[in-house]
Amino acid sequence: MGRSTLTVGPYEVALTRKNIRRAYLRVGPDGGVCVSAPARMPVGEVARFVEGHVAWIEERRRRIAQARAVHAVPGAGAGGAVTPGTRGGAVGGMGEPAAPYDPHVLPDGRVLLWGEPVEATRVLALARAVTGGPVGRPVTHASAVTRTALDRAMRSVLLGAATPLVRTWEPRLGVAVATLRIHDTRSRWGSCNVRTHAVNLSLALLHHPRRYLELVVVHELTHLLEPTHNARFHALMASELPNYRALQTELNARGRGMW
Ligand SMILES: [Zn+2]
């Protein structure tokens, strides 16, 4: 239904409009980023969708580069060797057929845990350690991990990591959090209701190194003192977390606009 190119951060994204209900993301064998998007999805929304999956794109590119290094046998002549990446930036017919995009599961079935790809079974084991009880039946094979069990386990792991941080920062800032919840939001790292003192964290935080979790926790708790991102807010953040600006810049590069 129409192809175009969209610049998102460092990526020249090949955008194909289709009669589909949701967007799909692919990284082609040449490392090119391709998005199939519903005909009416606003360009800004497509860009945010790509921005929200930078970690996934980079992981995919890393694997492609690895596979290429493995297959690049020196001296292997033209005898039928397949060289990935020679098809240019064409969208049509490139790579494998697009699978429905699941932001929490890598194409090889692994899961990004604190920025590192791990087996889904590891996330379930961690969740069991956090909750002190089984989250679903114990499983030893990744294929036996259901999507629902994985989702529950990811939430438990993130909640388990965030709770002590919240308890540490409440007295430091002199605030009280009434409820802490994990939501599968792609548009924000966290949010905070200054009236109910409810703090929500995005499950997407599990995809990035753990050091960013504290940044987001302190950010949301600081909103209980100052609801807007004004000078006072930044002064409070700077006094509590001296490196917050550097951390914030890093995290923004991983998912722009998620504040
Ligand atoms: Zn904020």
State the extension gain, in nm to one decimal, for the chain segment bounded by ARG61 and ARG210, taking 0.36 nm per residue of separation less the distance between their alpha-carbons.
51.4 nm
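Among TRP189, TRP169, TRP114, what is the fewest-to-most ranking by other Cβ atoms within 10 Å?
Details: TRP189 25, TRP169 20, TRP114 17.
Listing TRP189, TRP169, TRP114 from fewest to most nearby Cβ atoms yields TRP114, TRP169, TRP189.
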Pull up the DSSP beta bridges for the stretch 154-254 and report the antiparallel fraction as a percent, rounded to 5.
45
Exposure proxy order (Cβ contacts within 10 Å, fewest to most) of THR16, THR222
THR16, THR222
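Which order results if MET154, MET237, MET41 are arranged by neighbouring Cβ count within 10 Å, fewest first? Display every interim value, and only then the final one.
Working: MET154 25, MET237 20, MET41 17.
Ordered by Cβ neighbours within 10 Å, fewest first: MET41, MET237, MET154.
None of the figures in this text is laboratory data; all of them are computed from the coordinates on show. Every value quoted in this text rests on a predicted model; they were computed, and no experiment measured them. Positions of Cβ are backbone-derived with ideal geometry, glycine not excepted, and every protein chain shown enters the neighbour counts.
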